[in-house]
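Structure first, then comments.
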Amino acid sequence: MDRKTRIVFVLMAASMSAAALPALSATTHADWPMFGWNPGRTSAPDIPTGITASDLRNLQRQQVSIDGTVDSSAIYLHAVTVNGATHDVFFVTTSYGKTLAIDADAGVVLWEFTPDSYDSIKGTAQITTATPVADPDRNYLYAASPDGMIRKLAVADGSVVWSTPITELPVREKIASSLNFFNGRVIATTSGFSGDIPPYQGHVVLLDANTGSLLHVWNALCSDQTALMVPTNCPHYHAAIWGRAGAVVDTATGNLYVATGNAFWDGQLNWGDAVIELDPDATNILGNYTPLNTGQLNSEDLDLGSTSPVLTGGSYVVQGGKDGYLRVLDWSQMAGTTPHRGETASRVAAPGSGELLSAPAIRHFGGDTWLYVSNNNGTVAWKLSGNTLLQQWQNNRAGTSPVLAGGLLYVYNPRGGVYVYNAMSGRPLARLDCGGGHWNSPIVVDGRIALPEGNANARGTSGVFDIWRLPQP
């Protein structure tokens, strides 16, 4: 058997009266099918959330005990059939590869998938921090596990439809970034485990969502090799693609944008510490950028690819990094495989000039483009004016990947608490109590806020999943 699927029949949920379940404020029902909400990873849905600023003080928190640490974020599907009944459901993947379906109303586990590798991996440093992604048909989702596999699971019961390996060396190559989906393809990237222990190769993988067939591979090092390779078959190592958002899709063209971590760069076959645009098949480089000090970034462990590229909707791409800067790149000047080194339209310091390890949120308000960024030193809002980021507000409260929903900015502080701000002014509106974590970030949908707690590096096999809802009137 490729799986162990445990169906949890929740008799107590069935016996609960309708009056015992929480009510939602008026909202347009919607899904949150992937990290960042959409393939472009904006983290800024343009739909009503069912939660307003005045609702924040009335939210009630439920803590759900789960079999693992979810060091990422949840996804959500409204009114899907699970175990033969209709449920609103959150889906999460734990650090050792369990994927769970959690009823969004009752806060109970409806099913739990466990990979066969679980018992041999649990308690080790071999983990995943990837958020799963839902198929647009809403009948399936795709999840990663530390054994290097991507699996297609049935929403109805967690059964496995297919499983495909995306690495030849899963004990060295980590699936850290969140999965993406576009045009019938599952998009995944690889990096290395804690400590950057070689050999591993950062690469982009495209899978056929219907069959699980491996369609294309783009290797950041030895990029002329177009298949999964044993890492030692290339003379260079690393070039992790490990930003929280992974591969970002320009939905107008289908092109993919990734940023790589520390490794050798020669602008020919080796693309360490670079921003890369690939065609929709991940076969050809359409654009590229690396800073002038690529060698320094590599030698000092200052990955340019500590976060994924941010597409602004125009000609500019914003790229953060572990060196504490956000670079505004005029991407119209970066076309082709000719090496583009050092050209930036402008740059600004990340909060406190600290490392940027989170995924920014981006939203267009009228004719203005706003960018929201959090790191361990604070949270800041910028407005893109021409080729320059102009600061609008900031604070010194730490945060992971921010989410802009319903005009409110939600930022999880990994030391504890979800902070909610007015997105335009930065005025603090509420603090939602919860425990600490690491990469975790919230989603806000259908009158609910969901957040997993915990740090995968603690190697735990149990955890907490928080759901905030409005009370029954």
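The values are calculated or read from the model by the stated rules, or taken from the named source; none is laboratory data. Quick caveat: nothing in here was measured; it's all calculated off a predicted structure. Quick reminder, even Gly has a Cβ in these numbers, built from the backbone with ideal geometry, and neighbours come from all protein chains shown.
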Among residues of the stretch 249-262 being of a type in the set (Val, Ile, Thr) and assigned to a strand (DSSP E or B), the residue nearest to residue 356 (Cα to Cα) is 258
Residue hits (the stretch 346-395; among the aliphatic types (A, V, I, L, M), part of a strand (DSSP E or B) and without any contact (Cβ under 8 Å) to a residue 40 or more places away in the chain) are 349, 380, 390
Considering residues that are more than 17 Å from residue 189 (Cβ to Cβ) and either in contact with a Pro (Cβ under 8 Å, 6 or more places away or on another chain) or modelled with pLDDT of 95 or more (or both), the number found within the stretch 300-314 is 4
Among 105, 135, 147, 88, the single one that is among the acidic types (Asp, Glu) and over 22 Å from the mean Cα position of the chain (by Cα) is 105
Restricting the stretch 456-470 to residues that are more than 17 Å from residue 55 (Cα to Cα) and among the β-branched types (Val, Ile, Thr), the one surrounded by the fewest Cβ atoms within 10 Å (Cβ to Cβ) turns out to be 461
When restricted to 414, 471, the only residue in a loop (DSSP other than H, G, I, E, B), under 25 Å from residue 320 (Cα atoms) and not polar (S, T, N, Q) is 414
Screening 79, 44, 30 for residues that are closer than 16 Å to residue 404 by Cα, surrounded by fewer than 21 Cβ atoms within 10 Å (Cβ to Cβ), touching a His at 6+ places or on another chain (Cβ under 9 Å) and in contact (Cβ under 8 Å) with a residue 24 or more places away in the chain leaves only 30
By residue number, the members of the stretch 122-179 that are of a type in the set (A, V, I, L, M) and not in a loop (DSSP other than H, G, I, E, B) are 133, 134, 141, 143, 144, 149, 150, 153, 154, 160, 161
Note on the stretch 186-199: residues closer than 19 Å to residue 308 by Cα and not in a strand (DSSP E or B) are 190, 193, 194, 196
Those residues of the stretch 121-157 that are under 13 Å from residue 193 (Cα atoms) and among the charged types (D, E, K, R) come to a total of 1
When (1) outside any strand (DSSP E or B); (2) among the small types (Gly, Ala, Ser); (3) within 26 Å of residue 74 (Cα to Cα) are applied to residue 223, the one that fails is (3)
Taking the stretch 276-292 and the residues there that are in a loop (DSSP other than H, G, I, E, B) and under 20 Å from the mean Cα position of the chain (by Cα), the one that is surrounded by the most Cβ atoms within 10 Å (Cβ to Cβ) would be 282
Expected single match for small (Gly, Ala, Ser), assigned to a loop (DSSP other than H, G, I, E, B) and farther than 23 Å from residue 109 by Cα among 425, 441 is 425
If we ask which residues in the stretch 322-336 are without any contact (Cβ under 8 Å) to a residue 60 or more places away in the chain and either under 21 Å from the mean Cα position of the chain (by Cα) or part of a loop (DSSP other than H, G, I, E, B) (or both), their number turns out to be 7
Checked the stretch 386-436 for anything touching a helix residue (DSSP H, G or I) at 6+ places or on another chain (Cβ under 7 Å) and of a type in the set (Gly, Ala, Ser); matches are 430
For the stretch 184-204, pairs from a residue that is over 20 Å from residue 223 (Cβ atoms) to a residue that is of a type outside the set (A, V, I, L, M, F, W, C) and in a strand (DSSP E or B), with Cβ under 6 Å and 6 or more apart or across chains, are 186/142; 193/174
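For (1) buried (at least 19 other Cβ atoms within 10 Å of the Cβ); (2) in contact with a helix residue (DSSP H, G or I) (Cβ under 7 Å, 6 or more places away or on another chain), each residue gets a yes or a no:
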{"site": "161", "(1), (2)": "no, no"}
{"site": "172", "(1), (2)": "yes, yes"}
{"site": "186", "(1), (2)": "yes, no"}
{"site": "198", "(1), (2)": "no, no"}
{"site": "210", "(1), (2)": "no, no"}
{"site": "262", "(1), (2)": "yes, yes"}
Taking the stretch 365-408 and the residues there that are of a type in the set (Ser, Thr, Tyr) and either within 17 Å of residue 41 (Cα to Cα) or in contact with an Asp or Glu (Cβ under 6 Å, 6 or more places away or on another chain) (or both), the one that is surrounded by the fewest Cβ atoms within 10 Å (Cβ to Cβ) would be 369
ask   = Has the stretch 150-163 got at least one residue that is out of contact with any strand residue (DSSP E or B) (no Cβ under 7 Å at 6 or more places or on another chain) and not small (Gly, Ala, Ser)?
value = no
Counting only residues that are modelled with pLDDT under 95 and of a type in the set (S, T, N, Q), the stretch 335-376 contains a total of 3
The residue from 212, 246 that alone is assigned to a loop (DSSP other than H, G, I, E, B), farther than 22 Å from residue 274 by Cβ and modelled with pLDDT of 95 or more is 212
